C-alpha cells in the first residue's frame with residue numbers, strides 16, 4: 001500500500017489569512033504536514049508527499065530557544081503542479097497497489113485513528129471531513145478515481161457504487177477535523193499534541209471562551 | 001446502567017434563530033431528541049429524558065401527506081428546571097449504578113457509535129464535541145461530577161484525574177457533531193438518516209456548495 005499526502009506548497013491555508021500572515025501560514029501548514037507524515041510513519045507505513053511545488057529544505061522554527069524544529073520530516077516528494085483531483089488521479093492510475101490519500105492538515109490525526117482507517121477491509125474506504133469533504137481515502141479498486149470538488153464525500157461514495165466497489169466509512173472525529181479556518185484552531189489546541197499544536201502555542205495562541213463558545217486569542 | 005438524555009424543553013437551539021423560527025426550532029430539536037432516544041434504544045438500553053419542563057404530548061409533524069411523525073418516542077421524563085450541570089449532578093449523586101449522559105442534539109449518532117461509547121471500560125468515558133464540549137459522558141466512578149460550562153471536555157478530564165478515575169476517550173465524528181448552529185446543518189443532510197434529516201428536508205433545506213464550501217439553502 002502507498003500512503004500519499006497531498007500538499008499545496010505555495011499559498012497554503014488561505015482561509016486562515018485573517019489570523020496568520022502568509023509566512024505563518026506556510027510554517028503552520030508545514031508543521032501539520034510533518035505531524036501527518038510522522039503519524040503515518042507510526043502506523044508502520046512510509047508516506048509520500050504529493051506537492052504542487054518542491055518543498056524547500058529550510059526548517060521552519062518558532063525562533064525560541066530550545067524550540068522544536070517545525071519543519072517537515074524527510075519523505076519522498078513527488079511534484080505535480082496540477083489541481084488536487086488530477087494529481088491524485090494520476091497516482092491512482094499509475095499505481096499497481098492500493099493507495100491511501102491522507103490530507104496534510106489533519107492536525108489531530110493519531111496513529112490509532114489512522115491505523116483503524118488503513119485496516120478497513122473494503123475496496124474503497126472513506127473518512128469524511130466536516131462539510132462533506134474526504135479527509136482520508138483508501139482505494140483498493142483499480143477503477144476508483146477521485147473528485148475533490150464540492151461535497152466529495154457524497155461523490156466518492158457514489159463513484160464507488162458506480163464501479164461496484166464495496167465501501168467502508170470510518171467514523172473518526174480526529175480524521176474528520178481538517179484545519180482550514182480560524183474556527184478550527186481551538187481543536188488543535190484542545191486535542192493536538194504535536195508540532196502544529198506547539199507551533200500555535202509558540203505563536204501566542206491560547207483557548208478563549210466567550211459566551212459559552214470556545215475560540216482562540218493571541 | 002442508566003442512559004440520561006438532557007433536553008431544554010423551552011427555547012431550544014437559540015443559535016439556529018437565523019434560519020429557523022421559534023416553532024421550527026422546537027420541532028427540529030424534538031426530532032433530534034427522538035432520534036437520539038431511538039438510537040439509544042437500538043443499543044439495547046432504555047433512555048430517560050432529563051427535561052427542563054414537561055414535554056407536551058403533541059406530535060410535531062411536517063404537515064405533508066404521508067409524513068413521519070417527528071415527535072418524541074416514549075421515554076420516561078424527569079423534570080428538573082435547573083441548569084444542565086446541577087440537574088445532571090443530581091442524577092449522578094442519586095444513582096447507584098453507572099450513568100451515561102448523551103446530548104439530545106446528536107443527530108448523526110448511530111447505534112454502532114453509541115454502542116462503542118457505552119462499551120468503553122473506563123471509570124469515566126468522554127466523547128468530545130467540536131469546540132471542547134462533552135457530547136457524551138459515562139460515569140462509572142461514584143465521585144465523578146460534571147461541569148458543562150466552557151471547555152467541559154478538558155474540565156471533565158481534569159476532574160476524572162483529580163478523583164483518580166481512569167479515563168477513556170471515544171473518537172467518533174458522529175458523536176462529536178452536535179447540532180447547534182447553521183454551519184452544523186449540512187452535516188445533518190450529509191450523514192443523517194432519521195427524523196431530524198427528514199424534518200430538514202421536509203422544511204425545504206438542501207445542500208448548497210458555494211466557493212468550495214458546503215452550506216444549506218432553503
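Readers should treat all values here as calculations from the given coordinates under stated rules, not as data from a laboratory. Because the structure is a prediction, the values reported are computed rather than measured. Quick reminder, even Gly has a Cβ in these numbers, built from the backbone with ideal geometry, and neighbours come from all protein chains shown.
Among B:144, A:28, the order by Cβ neighbours within 10 angstrom, fewest to most, reads B:144, A:28. I want to make sure I understand the PRE zone here: with the label point 7 angstrom from the Cα of residue A:218 toward its beta carbon, which residues in the range A:1-24 have backbone N atoms less than 14 Å away? What the label zone holds, given the 14 Å backbone N cut-off, is A:13-24.
Counting only alpha carbon atoms, the long axis of helix A:152-162 and the longest principal axis of chain A meet at about 10°. For peptide A:184-192, the mean count of partner chain Cβ atoms within 10 Å of a residue's Cβ comes to 3.
Against the empirical curve 2.2 N^0.38 Å, the C-alpha radius of gyration of the range B:133-203 lands at a ratio of 1.41. From least to most packed, judged by other beta carbons within 10 angstrom and beginning with the fewest, B:116, A:121, A:181 follow the order A:121, A:181, B:116. When A:126, A:50, B:55 are sorted by how many other C-beta atoms sit within 10 angstrom of their C-beta, beginning with the fewest, the order is B:55, A:50, A:126. Of the beta bridges in the range A:2-217, as assigned by DSSP with both residues counted there, near 50 percent are antiparallel. Let me have the 222 nm mean residue ellipticity of chain A computed from DSSP H runs of 4+ only, each contributing -39500 (n - 2.57), with the sum over all residues rounded to the nearest 500. After summing the helix terms and dividing by residue count, I get -9500 deg cm²/dmol.
Each other copy places its own label point for residue B:97 at 5.0 nm from this one, sorted shortest first, where the point lies 7 Å along the Cα-to-beta carbon line. Ranked from shortest, the separations from the 7 Å Cα-to-Cβ label point of residue A:145 to its equivalents in the other copies are 6.2 nm.
With contacts taken as Cα pairs under 8 Å and at least 6 residues apart, the range A:151-218 reaches a relative contact order of 19 percent.
The range A:122-163 and the range B:167-186 have their alpha-carbon centroids 21 Å apart.
Distance from the B-onto-A rotation axis is smallest for the Cβ of the chain B residue given, in whole Å, as B:173, 2. Could you give the angle, 0 to 90 degrees to the nearest 10, between helix A:84-94's Cα long axis and the longest principal axis of the Cα atoms of chain A? Around 40 degrees separate the two axes.
Dimensions of the range A:2-217 based on its C-alpha atoms, expressed as ranges along the principal axes with the largest first, amount to 52, 42, 29 Å. Along its first, second and third principal axes, ordered by size, the range B:85-133 spans 30, 24, 17 Å in Cα coordinates. Between copies, residue A:166 shows label-point distances of 3.3 nm, shortest first, with the point placed 7 angstrom from Cα along Cα to C-beta. Based on C-alpha pairs under 8 angstrom that are at least 6 apart in sequence, the range B:2-217 has a relative contact order of 22 percent. With the convex hull constructed from alpha-carbon coordinates only, the protein assembly as shown shows a mean projected area of 21.6 nm² over all directions. Against the longest alpha carbon principal axis of chain B, how many degrees, from 0 to 90 and to the nearest 10, is the axis of helix B:22-42 turned? With rounding to tens, the tilt is 50 degrees.
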